[in-house]
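J.: Take this structure, written in structure tokens, and hold onto it; I'll ask about it next.
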Amino acid sequence: MKTFARALGLLAATGLLTAPGLVSAQAPDPFPAKPIRMIVTFPPGGSADAVVRMLVPRLGEKLGQPVVVDNRPGAGGNVGLQAVARSPGDGYTLGVGAAGALSANSSLYAQMPFDPIKDFRPVGMLAAIPFVIVGHPSLEARTLPQLIAMARAQPGKLSIGHGGNGTAMHLSSALFAQMAQLKLVEVPYRGSGPAAVDTMAGQVPLAVVDLPSSLQQIKAGKLTAFAVTSPQRLPMLPEVPTVAEAGLPGYDAVGWFGVVAPADTPAPIVTRLNAEITAALRDEHIQAAMRNLGVEPAPGTPQAFEDYIRSETKKWSQVIKTANIKLE
């Protein structure tokens, strides 16, 4: 016993009991101990980027460390998420990915730089982006059933614009055509705005567009809103029915984006991040600001987000295969 006590005294005298390596091994720094990088797979200025920048000050305050936004767009979100997949699973590199890169791209691209299911640990969904099926006011159809009947009467004659090949708007349009048994001519645009503008001008009779590019035109009567693609009606357009209630039960097609971490990120870190993200998304001021951008807050658990990614991947795989949509 005396020998053990002398040994302890010797260790204390030499400083070995308080050596940095021994302290860190016994009591690791609590997460987070340094700034967190959030790789956003969209360019600055879009709605998803705006939502993230709306959240990061709140997250930084609650986590006690800055959350730094790193925009890395490209290849439908694949570029940014590839960087996340290759990062250490320590909670200090997160990614904000959308429906494309996390569910549809695996069916759209012949090769993927990551596995959306195996290479990430879902942290939480951030928002859903509902779309609107709109038409030029000159169309005789005023309701979705009337539009479907008109399109069936002239297969291959009506064209429908959307925000670009492989986008959530394109897939929403393809799902609509498949469920309604329509033959429409798909017209891709570089974004929702140009599609809405050409529909107002009569260049295309129909389009699937987002709220920011169409809401004011719908209110002004410059576009006819036939239905919204989300499963519930939208607070901004309460009078416009959903596609499901207007004639196609089960139809549900929205854009969405959420936060993921590298696959080997520890569960306690994911739980902590999800708790702070969820609290921010439930703040009424943040919710109001998000809705002004045309997106719906969608807080939830990591498990719920993982289940949603899996179900969306399965759904869009079938839609893409049926429509024979491919991207290079």
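J.: Taking the options Pro30, Pro113, name whichever one is over 21 Å from the mean Cα position of the chain (by Cα), within 23 Å of Thr265 (Cα to Cα) and not assigned by TED's automatic domain parsing to the domain that holds Ile160.
T.: Residue meeting the stated conditions: Pro30.
J.: Filter the stretch 17-56 down to the residues that are at pLDDT below 95 and touching a helix residue (DSSP H, G or I) at 6+ places or on another chain (Cβ under 6 Å) and list them by number.
T.: Correct list: Leu17, Phe42.
J.: Then there's this: Only one of Val270, Val240 is of a type in the set (Val, Ile, Thr), closer than 27 Å to Gly76 by Cβ and out of contact with any Gly (no Cβ under 7 Å at 6 or more places or on another chain). Can you tell me which?
T.: The unique qualifying residue is Val270.
J.: Being among the small types (Gly, Ala, Ser) and either without any contact (Cβ under 8 Å) to a residue 24 or more places away in the chain or touching a His at 6+ places or on another chain (Cβ under 7 Å) (or both), is that true of even one residue in the stretch 77-90?
T.: no
J.: Continuing with this model, one more query. Could you figure out which of (1) under 21 Å from Ala304 (Cα atoms); (2) part of a helix (DSSP H, G or I) isn't true of Gln178?
T.: Of the numbered conditions (1) under 21 Å from Ala304 (Cα atoms); (2) part of a helix (DSSP H, G or I), the odd one out for Gln178 is (1).
J.: With the requirement that a residue be within 18 Å of Leu144 (Cα to Cα) and crowded, with 23+ Cβ neighbours inside 10 Å, what does the stretch 176-195 give you?
T.: If the condition is that a residue be within 18 Å of Leu144 (Cα to Cα) and crowded, with 23+ Cβ neighbours inside 10 Å, then Phe176 is the only one that fits.
J.: Now for a separate question. Could you check the stretch 277-328 and list, in sequence order, the residues that are surrounded by 17 or more Cβ atoms within 10 Å (Cβ to Cβ) and more than 18 Å from the chain's Cα centre (by Cα)?
T.: Passing the criteria: Val319, Ile320, Ile325.
J.: Is there a residue in the stretch 261-271 that is within 27 Å of Leu215 (Cβ to Cβ) and either at pLDDT 95 or above or charged (D, E, K, R) (or both)?
T.: no
J.: Let me ask something else. Just checking, does the stretch 120-135 include any residue being among the charged types (D, E, K, R) and under 19 Å from Asn78 (Cα atoms)?
T.: Taking every residue of the stretch 120-135 in turn, at least one turns out to be among the charged types (D, E, K, R) and under 19 Å from Asn78 (Cα atoms).
The values are calculated or read from the model by the stated rules, or taken from the named source; none is laboratory data. Because the structure is a prediction, the values reported are computed rather than measured. We place every Cβ from the backbone using ideal geometry, glycine too, and count neighbours over all the protein chains shown.
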